[in-house]
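Colleague: Pasting a structure below so you can have a look.
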Amino acid sequence: MENKNIPDILDRLADILQQNDSLPLTYLDSMQERDQVTGSTLPAGQLRRREEKLPEFLQQLGIRSMTLHDPANIETLLSTASNMAAQIGGTPHHYFHHSSFAGYFQTIFQQATTIGFADWSLFANASDYWDKLLTAVIKPLKTKELQFIFYLGNISSRPVFMVDEMLDIMGDFARYGQVTFIMDQQEMKKLWEALNGVNTARNDLWPFDIEERYKSLFNTMNVHKLVVYALNGVSLYSRKEQFNLTRRVMTVPVENAPNGRNNFINGYSLGLSLQLESALCIILGIIYYELITQHNISPSRHALLNHIKSWKDQQGVTTAQTPNL
């Protein structure tokens, strides 16, 4: 398992951010309540990716975030679709069967680069909605360019057959784009136990080391990337590469922030939209997680570059212990 050189990755990310001032992208976020400066008033030094609130009708489908190419009519398109969804009413099932609304769905998803889904364990009917979204909207697009981001959350309250069903649905999405499956170590432990029919106490030694567990889980799933977030780092498993990235341990409020994962996905999605390599996407996700969680503001390019410098300066100073599983 390769341990990536963090200073080298930070240097390369800094170079890329300095070259990308204006990004023709709109990021739609269900948690978008941050301070930000957008549009033509954006001062020099800002990373120009507009952020907006994710429309309610997309949230009802269990979508947490989306990145869209930024055509001139995107605000009008989303507003019109939202008004029509309100007129249709009912459950999201009605959206899929409404011929006029289906056209808006197609147009919106044709502009998408990334789609991040909600916490499966907390969202009722998620498997049903996402399966219908794939069948009615994604498949007809006839593209394999979309980036899908899933996380299952705490599966303890769900029967194993439902977990298996959701993993199969993720595999179906993988036929129409790239699937990233994100979890933390405790979620990974619970998933491994559920799929293997065991139940270990928190501090019990597992039958083989943590790295083998990651490999075992990844090999059972038809996804392109498995990202496991831990207290002191992030591990990635894919068919092409497998590596560890160390990270700084932040203060307790930051580490336990309820929107931490959403903030990580914000930065990770930006990296995917820029078509960066996996290590750079993850590092960008970590930086967004730290900055947004601490300051509740969409980071400027200046803030991103300063954060990278601070991280580099602390390399070799701050150390962390592997958390108990």
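Colleague: Quick one: which residues, 5 or more positions from THR113 or on another chain, have an amide H under 5 Å from its amide H? H modelled 1.01 Å from N in the peptide plane, none for Pro or chain starts.
Modeller: Distant-sequence amide H within range of THR113: THR67, LEU68, HIS69.
Colleague: Using +1 at the C-beta of Lys and Arg and -1 at the C-beta of Asp and Glu, which of SER310, SER278, GLY197 has the Cα lying farthest in the positive direction of the dipole of the chain?
Modeller: Farthest towards the positive pole: SER278.
Colleague: Determine, for TYR237, TYR104, the number of other Cβ atoms within 10 Å of each Cβ, and report the residues in order from fewest to most. Display every interim value, and only then the final one.
Modeller: Values: TYR237 22, TYR104 19.
In increasing order of surrounding Cβ atoms, one gets TYR104, TYR237.
Colleague: What FRET efficiency, computed as 1/(1 + (r/R0)^6) with R0 = 22 Å and r the Cβ-Cβ distance, is obtained for THR220 and PHE161, rounded to the nearest 0.05?
Modeller: Details: r = 15 Å, r/R0 = 0.68.
About 0.90, to the nearest 0.05.
Colleague: Of all beta bridges DSSP finds with both residues in the chain, what is the antiparallel percent, to the nearest 5? Numbers along the way, then the final one.
Modeller: Working: 21 of 43 bridges.
The answer is about 50 percent antiparallel.
Colleague: Which of HIS97, HIS224, HIS307 moves most in a GNM of the chain, Cα contacts under 10 Å?
Modeller: HIS97
Colleague: Show me the ranking of peptides 272-282, 258-268, 80-90 by mean Cβ neighbours inside 10 Å, starting with the highest.
Modeller: 258-268, 272-282, 80-90
Colleague: At a Cα cut-off below 20 Å, give the lysines reachable from LYS142, other chains included and same-chain residues fewer than 8 away excluded.
Modeller: List returned: LYS132.
Colleague: Using only the alpha-carbon atoms of the chain as identical scatterers, what base-10 log of I(q)/I(0) does the Debye formula give at q = 0.09, 0.12, 0.15 Å⁻¹?
Modeller: Each listed q corresponds, in turn, to -0.47, -0.85, -1.32.
Colleague: On to the next question. Rounded to the nearest 500 deg cm²/dmol, what is the calculated helix-only ellipticity per residue at 222 nm for the chain, with -39500 (n - 2.57) per DSSP H run of length n ≥ 4?
Modeller: On the way: 13 runs with 145 residues, N = 325.
The helix contribution divided over the chain gives -13500 deg cm²/dmol.
Colleague: Taking R0 as 22 Å, what FRET efficiency do you get between PHE243 and GLN186 from their Cβ-Cβ distance, rounded to the nearest 0.05? If you can, show how the numbers build up before the last one.
Modeller: Working: r = 21 Å, r/R0 = 0.97.
The formula returns an efficiency of 0.55 here.
Colleague: So if I place +1 on the C-beta of Lys and Arg and -1 on the C-beta of Asp and Glu, and nothing else carries charge, what would the dipole magnitude of the chain be about its Cα centre? I want it in debye, nearest 20.
Modeller: Values: 28 positive and 33 negative charges, 57 e Å.
Using only the charged Cβ atoms, the result is roughly 280 debye.
Colleague: Once amide H atoms are built 1.01 Å from N in the peptide plane, which residues 5 or more positions from ARG49, or in another chain, come under 5 Å H to H?
Modeller: LEU23
Here, each number is a calculation from the coordinates, and none is a lab measurement. Please read all numbers here as calculations on a predicted model, not as lab measurements. Glycine gets a Cβ as well: all are built from the backbone with ideal geometry, and neighbour counts include every protein chain shown.
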